[in-house]
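J.: Starting off with a structure, shown below.
The values are calculated or read from the model by the stated rules, or taken from the named source; none is laboratory data. Fair warning: this is a prediction, and the values are worked out from it, not measured in the lab. We place every Cβ from the backbone using ideal geometry, glycine too, and count neighbours over all the protein chains shown.
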Amino acid sequence: MLEDDIETIESGYEFLLAYAAQGRPAAVETGPGPHARPTIQNMAEAMANVARQFSDSSDGFENVIAHDCLNAGAALEFILRQNKVGSEMVDNLNASIHLRAVLTDLFLYSEVLKPTTADELAAAAPSVVETFDATKNKD
């Protein structure tokens, strides 16, 4: 599902930011984690899914997203082919214009997916939350 792939990419990027900040030396990932490789693998798979989903779209922006996912996916796959992964490598990946393009694309695209009309909002959040207005008398 598209929303799940977008969430995987966005949350993966957040994890990679935290991972890069840890200052881990490049090493084979063994022992207790967290490790970057599983997150990078999940992101690569999610980007491949998004690229596949949008590759034949007639929408120009969806084609841009597909292309950007292919480019960023190539960077992710490059990292996955390395024997050792460390914070510096992940930090450079995070700074990659290709990965940032995908994130920016998906942030924009996600805004389109959000409900905007009162009917859409009501359907998206069927539970009613009652608020208290202190300026109104209870009488």
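J.: Taking residue 60 and the conditions (1) small (Gly, Ala, Ser); (2) at pLDDT 90 or above; (3) under 18 Å from residue 82 (Cα atoms), which numbered condition does it fall short on, given that it satisfies the others?
T.: (3)
J.: If I go through the stretch 76-102 residue by residue, how many of them are touching a residue at least 40 places away in the same chain (Cβ under 8 Å), surrounded by fewer than 17 Cβ atoms within 10 Å (Cβ to Cβ) and closer than 18 Å to residue 51 by Cβ?
T.: Of the residues in that region, 1 qualify.
J.: I'd like to verify a number: residues in the stretch 5-44 that are free of Cβ contacts under 8 Å to residues at least 40 places away in the same chain and in a helix (DSSP H, G or I), how many?
T.: The initial filter retains those residues of the stretch 5-44 that are free of Cβ contacts under 8 Å to residues at least 40 places away in the same chain, namely 7-8, 11-12, 14-15, 18, 30-34, 38-39, 41-44.
Then drop every residue that is not in a helix (DSSP H, G or I), which leaves 7-8, 11-12, 14-15, 18, 38-39, 41-44.
Number of matching residues: 13.
J.: If you don't mind, there's one more thing I want to ask. Whether any residue in the stretch 24-32 is aliphatic (A, V, I, L, M) and buried (at least 17 other Cβ atoms within 10 Å of the Cβ) is what I want to check. Full working, then the answer.
T.: Pass one, the stretch 24-32, residues aliphatic (A, V, I, L, M): 26-28.
From what is left, the residues that are buried (at least 17 other Cβ atoms within 10 Å of the Cβ) are none.
Looking for residues that are aliphatic (A, V, I, L, M) and buried (at least 17 other Cβ atoms within 10 Å of the Cβ), one finds none in the stretch 24-32, hence no.
J.: Still on this structure, I have one more. So residue 23 ticks every box in (1) more than 22 Å from residue 106 (Cβ to Cβ); (2) touching a Gly at 6+ places or on another chain (Cβ under 6 Å) but one. Which box is left unticked?
T.: Unmet for residue 23, out of (1) more than 22 Å from residue 106 (Cβ to Cβ); (2) touching a Gly at 6+ places or on another chain (Cβ under 6 Å): (2).
J.: Moving on to the next point. Somewhere in the stretch 102-123, is a residue outside any helix (DSSP H, G or I), modelled with pLDDT under 95, among the β-branched types (Val, Ile, Thr) and out of contact with any helix residue (DSSP H, G or I) (no Cβ under 9 Å at 6 or more places or on another chain)? So that I can check it myself, show each step before the final result.
T.: Restricting attention to the stretch 102-123, the residues satisfying the condition of being outside any helix (DSSP H, G or I) are 114-117.
Still in the list and also modelled with pLDDT under 95: 114-117.
Within this subset, residues satisfying the condition of being among the β-branched types (Val, Ile, Thr) are 116-117.
Okay, now just the ones that are also out of contact with any helix residue (DSSP H, G or I) (no Cβ under 9 Å at 6 or more places or on another chain), so 116-117.
Yes; the residues of the stretch 102-123 include at least one that is outside any helix (DSSP H, G or I), modelled with pLDDT under 95, among the β-branched types (Val, Ile, Thr) and out of contact with any helix residue (DSSP H, G or I) (no Cβ under 9 Å at 6 or more places or on another chain).
J.: Right, here's the next one. What is the residue count in the stretch 103-115 for residues that are more than 30 Å from residue 28 (Cα to Cα) and either in contact with a Pro (Cβ under 8 Å, 6 or more places away or on another chain) or buried (at least 16 other Cβ atoms within 10 Å of the Cβ) (or both)? Even if it seems obvious, please write down each step before you answer.
T.: To start, the set of residues in the stretch 103-115 that are more than 30 Å from residue 28 (Cα to Cα) comprises 104-115.
Still in the running and either in contact with a Pro (Cβ under 8 Å, 6 or more places away or on another chain) or buried (at least 16 other Cβ atoms within 10 Å of the Cβ) (or both): 105-106, 109.
The total comes to 3.
J.: Going through 39, 8 one at a time, which residue ends up being in contact with a Phe, Trp or Tyr (Cβ under 6 Å, 6 or more places away or on another chain) and of a type in the set (S, T, N, Q)?
T.: On the way: 8 fails: in contact with a Phe, Trp or Tyr (Cβ under 6 Å, 6 or more places away or on another chain).
None of the others qualify; the one that does is 39.
J.: Residue 47: surrounded by 15 or more Cβ atoms within 10 Å (Cβ to Cβ), part of a helix (DSSP H, G or I), among the aliphatic types (A, V, I, L, M) and within 11 Å of the chain's Cα centre (by Cα), yes or no? Working first, answer last.
T.: Working: surrounded by 15 or more Cβ atoms within 10 Å (Cβ to Cβ): yes; part of a helix (DSSP H, G or I): yes; among the aliphatic types (A, V, I, L, M): yes; within 11 Å of the chain's Cα centre (by Cα): yes.
Spelling it out, residue 47 is indeed surrounded by 15 or more Cβ atoms within 10 Å (Cβ to Cβ), part of a helix (DSSP H, G or I), among the aliphatic types (A, V, I, L, M) and within 11 Å of the chain's Cα centre (by Cα).
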